[in-house]
Protein chains: 2
Amino acid sequence: MATDQLSVVFGALADPTRRAILARLADGPATVNALAEPFDMTLPAISKHLKVLERAGLISRGREKQWRPCRLEAEPLRAATEWMSRYREFWESSFDKLDVHLRGLMKGTEQ
Amino acid sequence: MATDQLSVVFGALADPTRRAILARLADGPATVNALAEPFDMTLPAISKHLKVLERAGLISRGREKQWRPCRLEAEPLRAATEWMSRYREFWESSFDKLDVHLRGLMKGTEQ
DNA sequence: GAGTTAGTTTACCGATCAGCTAATTAACTG
DNA sequence: CAGTTAATTAGCTGATCGGTAAACTAACTC
C-alpha cells in the first residue's frame, strides 16, 4: 500500500474488524485481550490489526502494569473527512449533482 | 480485502492514484486515456484502478463510439462520511475529547 | 479490407496482507 | 524462584495488490 498519510488511514479503515475495534474504543480505552474478545480470531491477528491502526495514528497505546491499554485517536479521521467533503456537493442532492456536472461541461468548453 | 461495501469503498480510497482519478472526475467525465495521461503508468494499470473504483460504486462508465467515458459517482462517499461522523466529537475539540473520555471511564466503573 | 485509436484481458511478477501456530518477552503473584 | 497472565515476535501459508508486456476486442477511418 502507498505510505502517504491519507492512504494509510483509508487502508486501516478498509477492514471490518479494525472498524469494529475503533467502535469499541469509542466507549473508552481497552486492553488487547478485551478488544480481541468479540472476534473469532487469535490474539496475534488482533495484535497485527492494532499495529495497522497505530501506524495510521488512529489509536495510541499506553503501559499500565502488564497491560497495554489502547485508546482512540480520531484526529486522522478529520483529514479523511475533509478530503471526502470536497465531494459532498456531488451526493447531497440530484440538483447539485446536475449543477456540478454542467459546470464541468462549461469548463470543458471554455465558456 | 473484505467484501462489505464500506471496506470496498475505503479500500478504493487507499491509493493516491485512485484518489487523483476521482479528483479529476470531479471536473467532469473523462475517457480512460485522458485519465491515464497525468500518470507515469501503463494503460492496463489505470484500467485496473478504474475497475476497483467501479466495484466500489465510485465511478460509472458509459459507451460513446469507441470511448468508455468515466463519471464520478460520489454516493458511496456519503455512507463512508456517515460512518466517520460518529467519531467527529472525538476530534472537534480537546474539550469534547476529554468529555468523551470521562464518559468512557464512568461507563467502565458503572457509575 | 487495411490501418488506427481506445480500451480490456491474460499471464506473469514481486510485495504486501490476513490469518495461523509456536516461541518469546514482560510483568505480576504465590 | 516457579507459575500465570498479557501481549508481541517470528516464521509460515495462501490470497490479494499493483504493476508490467503482450495479445486481443471494438469501433472508427481511409
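Things worth noting here:
- Flag for B:Ala56 being within 14 Å of chain A (Cβ to nearest Cβ), crowded, with 20+ Cβ neighbours inside 10 Å and within 11 Å of DNA strand D (Cβ to nearest atom): yes
- Pairs are defined by a Cβ separation below 7 Å, a sequence spacing of at least 6 or placement on different chains, a first member in the range A:38-49 that is under 10 Å from A:Thr17 (Cα atoms), and a second member that is more than 6 Å from DNA strand C (Cβ to nearest atom) and not hydrophobic (A, V, I, L, M, F, W, C); the pairs so defined are A:His49/A:Arg18.
- If the condition is being more than 14 Å from chain B (Cβ to nearest Cβ) and more than 11 Å from DNA strand D (Cβ to nearest atom), then the range A:1-53 contributes A:Pro38, A:Asp40.
- Of all residues in the range A:72-111, those satisfying the criterion of being modelled with pLDDT of 85 or more and among the charged types (D, E, K, R) are A:Glu73, A:Glu75, A:Arg78, A:Glu82, A:Arg86, A:Arg88, A:Glu89.
- Considering only residues in the range A:65-85 that are at the interface with chain B (Cβ under 7 Å from one of its Cβ atoms) and not aliphatic (A, V, I, L, M), the one that is surrounded by the fewest Cβ atoms within 10 Å (Cβ to Cβ) turns out to be A:Glu75.
- Residue within the range A:69-87 that is of a type in the set (S, T, N, Q) and either within 11 Å of DNA strand C (Cβ to nearest atom) or outside any helix (DSSP H, G or I) (or both) present: no
The values are calculated or read from the model by the stated rules, or taken from the named source; none is laboratory data. Here the structure is a predicted model, which means the values were calculated and not measured. Heads up, the Cβs are rebuilt from the backbone with ideal geometry, glycines too, and the neighbour counts pull from every protein chain shown.
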